[in-house]
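Worksheet: one structure, shown below.
The values are calculated or read from the model by the stated rules, or taken from the named source; none is laboratory data. In this text, all values refer to a predicted model and were calculated from it rather than measured experimentally. Backbone-built Cβ (ideal geometry, glycine too); neighbour counts: all protein chains shown. Heavy atoms of the whole protein, side chains included, go into the accessibility calculation; ligands, DNA and RNA do not. Shrake-Rupley method; radii C 1.70, N 1.55, O 1.52, S 1.80 Å.
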Amino acid sequence: MGLYDREYYQDEYGSPREGMGGGNRMMVTNIVILTAALFVVNMFTPDNWLMKKMAATPDVLKQPWLWWKFLTYGFAHDPMAISHVFWNMFGLWIFGRDVEGVYGPKEFLRIYLVALVLGSVVWAVRATFLREPNITYLLWGASGAVTTIILLFVFHFPRR
C-alpha cells in the first residue's frame, strides 16, 4: 500500500488531497494560480496595461469582435487593491473545492466560465442603459462567478 493510498490521505470524494505528491491539481487551484499570475504579470506592465486590456466596458456589448472581454474581465482585478484579488480567490478556493467535488473539474470550470460571461453581459446591459455621461465604466474581477460558486456551496451543503 502506497503512502497516498491510505484513507487519511483521501478527501471525502476519494481522490488524493490537493498538492500531495505533486498529483493532479483541482480546477479551483488552477483558476486561482492563473488569476494570481496575471495579477503579478500586470505589475510589470506600464500603466496597468494588461488589466485594462482584459477589463470589459459597456461598449463591448456593441462590438462583437471584443466579446472575449466578457470572459477575460474575470481574470483581471483592480491593480490598486490587492485585497480585491485576494478575497475573490480566497472565497473561490474555500468554497470552490467542495463544489468542484460535487460537479467534477470540467463541469465546475463550465459553471465558473458561464457565470463570468452571464455576469458581465448583465452588467453591460445595465450599464448601457443607466450610464451617466463623462464616467468611464470598467468591469473587472471574479466577484460574480465567485458568488455563484458560494451559492452552489450553500445549496449543496446548507448545514455547514
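The rows are residues; the columns are (1) touching a residue at least 24 places away in the same chain (Cβ under 8 Å); (2) loosely packed, with under 15 Cβ neighbours inside 10 Å; (3) closer than 21 Å to V40 by Cβ.
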{"position": "T72", "(1), (2), (3)": "no, no, yes"}
{"position": "V114", "(1), (2), (3)": "no, yes, no"}
{"position": "S120", "(1), (2), (3)": "yes, no, no"}
{"position": "L130", "(1), (2), (3)": "no, yes, no"}
{"position": "L151", "(1), (2), (3)": "no, yes, no"}
{"position": "H156", "(1), (2), (3)": "yes, yes, no"}
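Every condition in (1) within 22 Å of T148 (Cα to Cα); (2) in contact (Cβ under 8 Å) with a residue 60 or more places away in the chain; (3) buried (at least 16 other Cβ atoms within 10 Å of the Cβ) holds for V60 except the one numbered (1). Per the conditions (1) open to solvent by 30 Å² or more (accessible area, probe 1.4 Å); (2) at pLDDT 60 or above; (3) within 27 Å of F95 (Cβ to Cβ); (4) in a helix (DSSP H, G or I), the sole criterion not satisfied by R25 is (4). Can you tell me which of D78, D47 is assigned to a loop (DSSP other than H, G, I, E, B), farther than 17 Å from N30 by Cα and either open to solvent by less than 70 Å² (accessible area, probe 1.4 Å) or not polar (S, T, N, Q) (or both)? None of the other options fit; the residue is D78.
What do you reckon, is L66 touching a residue at least 40 places away in the same chain (Cβ under 8 Å), aliphatic (A, V, I, L, M) and open to solvent by less than 90 Å² (accessible area, probe 1.4 Å)?
no
Would you mention how many residues in the range 81-108 are more than 20 Å from F157 (Cβ to Cβ) and open to solvent by 50 Å² or more (accessible area, probe 1.4 Å)? Counting residues in the range 81-108 that are more than 20 Å from F157 (Cβ to Cβ) and open to solvent by 50 Å² or more (accessible area, probe 1.4 Å) gives 5. If you go through the range 45-68 and keep only what is under 18 Å from E132 (Cα atoms) and not hydroxyl-bearing (S, T, Y), you end up with A56, P58, D59, V60, L61, K62.
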